[in-house]
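The values are calculated or read from the model by the stated rules, or taken from the named source; none is laboratory data. This structure is a prediction, so every number in the text was calculated from the model and none was measured. Cβ placement follows ideal geometry from the backbone for every residue including glycine, while neighbour counts extend to all protein chains displayed.
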Amino acid sequence: MKIEAVAASFPDRVVTNTDVINLIQQQSEGAFTGDLSATLGQVEYYLNHIGNKERRWLDTNEPAFDHVKKSMDNAIAQADLQLKDVDLLIHSSVDRRVVEPGQSFFIAKAMGMTCQCFDVLEACNSWTRASNIAHALLKSGKYKKIMIVTTEFAVHEGEWGFNSFTLETPKDLDWAFGPYTMGEVATATILSDAGDDWTYQFKALPEYADLCMCPIDDWADNIKYMGNASIEGKGGKKFISYGKQLAEKGLPSVIQLLKECPVPISDIDIVFPHTHSEIFWTNVAEMTESDLPYYFIFPETGNLVSGSTPAAMALAFERGHLKRGDRAMGWIAAAGMSFALHTFEF
């Protein structure tokens, strides 16, 4: 499988750590019980500790679809194709605006496409899983060109992620911190049946599913299946993420995938880690005594959810850090919990 093109489109609005802290203060005043200043100090410390500095959000009246279209148009131009050349469109994002029939169909409709469509959802691992499915479909010979689109715009004002900016007690930080690191982006990746096989490794720990989730509702009869997170997160339509527990529970699986990588690490030219933290990945390198050629975008973009790998590739290629023929690695730790490590020739 070959990446014919990869493109990303970011909103122009830059949100700094100071902006995040000010927003939490504005949203929490009057609702917070305790020392709000001390809690804001904790937020500032942890944002700096994990390496986050900025993120991009949609501004007032800025349509998300403008960025979806831009990324798709740029990918098509980069691949020297036309939209009619795409056989299959896969939408692979946590953020979605319809439950039925699937976001992919509406993107295709808006772009005037007549290809087959379906959606893939596996938290921040969605793009990797979609590429794995595309890999199999391309090998089957039934498709020649597949486009994967990610659309993550769920943290700015009025969205699910923004609901976590209202804190009531210091303990809320246990589950509310995640969105403070999140950025927004649309990406488009075009894959073809040319090139070498990619390698994929996946691992799942569903017993920790309730450590990170976006529950649609808070119906009492569903609570027993969702776990305590939906109770402590105060119900539906919130991004609930127990970051510290996720890191602790997920670390062994992340390391295991690296140890089992079928490609020698010395052959890897560039590594695209999930954009949820910088220090987590540098600690993994130290623990495994591995000289990993990381390409970090997290400090400038924040956590891009399913857009992590394609956005990092797009920026690396645009800036000359990723070249044709390079052996690359994508490495994701996601809610679920879900883990993936894949290697490919760019």
Of (1) modelled with pLDDT under 95; (2) within 20 Å of the chain's Cα centre (by Cα), Glu289 fails just (2)
Within the stretch 259-306, the residues that are assigned to a helix (DSSP H, G or I), buried (at least 20 other Cβ atoms within 10 Å of the Cβ) and touching a helix residue (DSSP H, G or I) at 6+ places or on another chain (Cβ under 7 Å) are Phe280, Thr301, Ser306
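Can you confirm whether Ile3 is surrounded by 15 or more Cβ atoms within 10 Å (Cβ to Cβ) and assigned to a helix (DSSP H, G or I)? Write out each step before concluding.
Numbers: surrounded by 15 or more Cβ atoms within 10 Å (Cβ to Cβ): yes; assigned to a helix (DSSP H, G or I): no.
So Ile3 fails the test.
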Given (1) in contact with a helix residue (DSSP H, G or I) (Cβ under 8 Å, 6 or more places away or on another chain); (2) touching a residue at least 24 places away in the same chain (Cβ under 8 Å); (3) in a helix (DSSP H, G or I); (4) more than 29 Å from Ala75 (Cα to Cα), Pro179 misses just (4)
Query raised in the report: Quick check: anything in the stretch 134-141 free of Cβ contacts under 8 Å to residues at least 12 places away in the same chain and surrounded by fewer than 19 Cβ atoms within 10 Å (Cβ to Cβ)?
Result: yes
Taking the conditions exactly as written (more than 19 Å from the chain's Cα centre (by Cα), over 30 Å from Thr169 (Cβ atoms) and among the aliphatic types (A, V, I, L, M)), does Met72 satisfy them or not? no
Apart from one, (1) within 26 Å of Ile279 (Cβ to Cβ); (2) among the hydroxyl-bearing types (Ser, Thr, Tyr); (3) free of Cβ contacts under 8 Å to residues at least 60 places away in the same chain; (4) surrounded by 19 or more Cβ atoms within 10 Å (Cβ to Cβ) all hold for Thr16; the odd one out is (4)
